[in-house]
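Every number here is computed from the coordinates shown, using simple stated rules; none is lab data. Everything quoted here is computed from the prediction, not taken from an experiment. Please note: Cβ atoms are built from the backbone with ideal geometry, for glycine as well, and neighbour counts cover all protein chains shown.
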Amino acid sequence: MVTTSEQALGEQTPSKHRDTPRSRQRAQTKAEILAAALHQMAEDGVAGLNLSTVAGRVGLKQPSLYRYFPSRAAVYDALFELAASMQRDAAVAAAAHGAGGWSTLRDVLYSTAHFVAAEPILAQLLFTRPVPGFSPSATAYGPSLEVMQISRDAVQDAVACGDLSAAAATEEGIRLLIALVGGVINHYAANEPDVKDYSPLLEPALAMYAEHFRPRRGRPAD
């Protein structure tokens, strides 16, 4: 099950080394700001984030909001890290509970599809880069690198299990998989924004990928 952004924001807590009433209040206010930002982006588009509007929704003046996020880019960065962490957590869960081989790889890929369907605003920020001039910080981007490694490991396991050929685990094979899955998911999300589900083309696309990298058995000797 994909954790919703509201749940993820509600679970954010200060570091144990700074867990004081004041730090808890600050963490709660930051979570409220990010939730308000998500709601405003849902109404006005991801690139339409307005800090004055966000501040008003959480009962702050805009200058006071800067005590929590020093810039508009900092809000985007925090939301990007939230999105990447949610995708990472979903992929970790899928990999941990998978049956191994192709089945686990499929589950990992579907975890991203479910995330995109459940959190379209965060998914736009994470995958389509809709905000001119914004690039995530190394910290915010870190969970995305973990997702890539989880996917690579799942491909390698599918190869080891004999479900896919060794070519699937090459750099070209990995790039093809990411382009195929990302293209199908994001195309559907862009064209069916009100449908809270993943693309019906994902399964046949994965079947095509699996067939393309199906291990070819040698012909029996005469």
* Structure fact -> In the chain, helical segments from DSSP H whose Cα atoms cover 20 Å or more along their own axis and that average at least -0.5 on the Kyte-Doolittle scale are 72-97, 101-118, 138-160, 171-191
* Where in the range 72-90 does the label zone of Arg129 land, with the point 7 angstrom along Cα→C-beta and an amide N cut-off under 19 Å? -> 73-85
* To do: For a footprinting-style exposure proxy, rank Thr112, Thr128 by other Cβ within 10 Å, fewest first.
  => Thr128, Thr112
* Structure fact -> With a Förster distance of 35 angstrom and the Cβ-Cβ distance between Gln156 and Ala42, calculated FRET efficiency to the nearest 0.05 equals 0.40
* Among Ala123, Ala99, Val181, pick out the residue whose Cα is farthest towards the positive end of the charge dipole of the chain, where Lys and Arg carry +1 and Asp and Glu carry -1 on C-beta, about the Cα centre. => Ala123
* Structure fact -> Per the range 142-222, sqrt(5λ) over the Cα gyration tensor eigenvalues, sorted largest first, in Å, gives 28, 17, 9
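Starting from the eigenvalues of the Cα gyration tensor, five times each then square-rooted, give me the equivalent ellipsoid semi-axes of the chain, largest first, whole Å. Intermediate results must be reported in sequence, preceding the final value.
On the way: eigenvalues 303, 68, 37 Å².
Calculated on Cα positions only, the semi-axes equal 39, 18, 14 Å.
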* Towards the positive end of the charge dipole of the range 5-212, with charges on Cβ (+1 Lys, Arg; -1 Asp, Glu), say which of Pro63, Gln149, Leu164 has the farthest Cα. => Pro63
* Distance in nm between label sites at Gln62 and Asp197, each 7 Å beyond Cα in the beta-carbon direction? -> 4.3
* Let a ≥ b ≥ c be the square roots of the eigenvalues of the Cα gyration tensor of the range 38-81; is it rounded (a/c under 1.5), or, if not, prolate (a/b larger than b/c) or oblate? -> oblate
* Asked: Fewest to most neighbouring Cβ within 10 Å: what's the order for Glu81, Glu119, Glu146, Glu192?
  -> Glu192, Glu146, Glu81, Glu119
* Could you list Thr139, Thr104 in order of exposure, starting from the residue whose Cβ has the fewest other Cβ atoms within 10 Å? => Thr139, Thr104
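Quick check for me: using +1 on Lys/Arg Cβ and -1 on Asp/Glu Cβ, what's the dipole size of the chain about its Cα centre, in debye to the nearest 20? Before the final figure, lay out each step's value.
Numbers: 20 positive and 23 negative charges, 165 e Å.
Here the size comes out at about 800 debye.
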* Using DSSP to define loop residues, name the trypsin sites (Lys or Arg not before Pro) in the range 105-199 whose beta-carbon has at most 14 other beta-carbon atoms within 10 Å. => Lys196
